[in-house]
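Working notes for the structure below.
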Amino acid sequence: PTRAFELVVTVADAPGDFNVIKGTAQYDVSNEAECGRIVEATGTPARITSMEPFTLDRVSDTQFRGTVYLDRMLDEDYYGRGVCHWEFSGANAVLQATDAKEDARFISRIDAQHVADGSPVTFHFVDKAYPRTDMDGYAYYGDTDRNALRADLRDATFAVTVQARGVQP
């Protein structure tokens, strides 16, 4: 891989600490109709996607950094039908108070376009979901529009901002 981007994840006004921080980069095959496995039941090609973990290192109590590669996946002929071409589609930052199965997973996603142009994406999460909700391991995908939250909860939120910066190889 040569096309590296540093992801910077910044947390603001969280109601507590995040001791578990994980990153995953998503890659999708853009031409599965020409190269992918055909599903017997339907006769159609299956979608091909891969979620690849990457490390997010703690820089401070509120900031984490990691590197994703836009060209990490190798184009190959997996099914004898032609070369599959991979494209980076985005990356997720997953934050948890602890690794307890009960703790909510606060997930922020930056798509390929925001990575490429370096524009930040901010997600808002309701404080009362920290560290957990009434559902074990709840996956909480924040809202980019704070006004989308219920009015009585808007003043009790924290934010997670994800931004990418190009890295020289």
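Details
- Net length available on complete extension from Arg65 to Ala100 is 10.3 nm, with 0.36 nm assigned per residue and the Cα-Cα distance removed.
- Of all accessible heavy-atom area on the range 35-169, the percent that carbon and sulfur account for (1.4 Å): 48
- Asp155 versus Val167: modelled label distance in nm, points set 7 Å from Cα along the beta carbon direction: 4.2
- Label-point separation, Arg47 to Asp134 (7 Å along Cα→Cβ), nm: 3.1
- Heavy-atom accessible area per residue - the chain, 1.4 Å, Å²: 55
- Of Glu87, Glu40, Glu76, the one that fluctuates the most in a GNM where the chain has Cα springs shorter than 10 Å: Glu40
- Values (1) 15.8, 49; (2) 18.2, 56; (3) 16.1, 54 are given for comparison; Rg and Dmax of the Cα atoms in Å, derived from the coordinates here, is the one labelled (2).
- The length gained by stretching the chain between Asp57 and Arg146 to full extension, at 0.36 nm per residue less their Cα-Cα distance, is 29.3 nm.
- Compactness of the range 75-169 was expressed as the Cα radius of gyration divided by 2.2 N^0.38 Å, which yields 1.40.
The values are calculated or read from the model by the stated rules, or taken from the named source; none is laboratory data. Everything numeric in this text was worked out from a predicted model, so none of it was measured. FYI the Cβ positions are ideal-geometry reconstructions off the backbone, even for glycines, and counts take in every protein chain you see. These area figures cover heavy atoms from the full protein model, side chains too; ligands, DNA and RNA do not enter into them. Shrake-Rupley method; radii C 1.70, N 1.55, O 1.52, S 1.80 Å.
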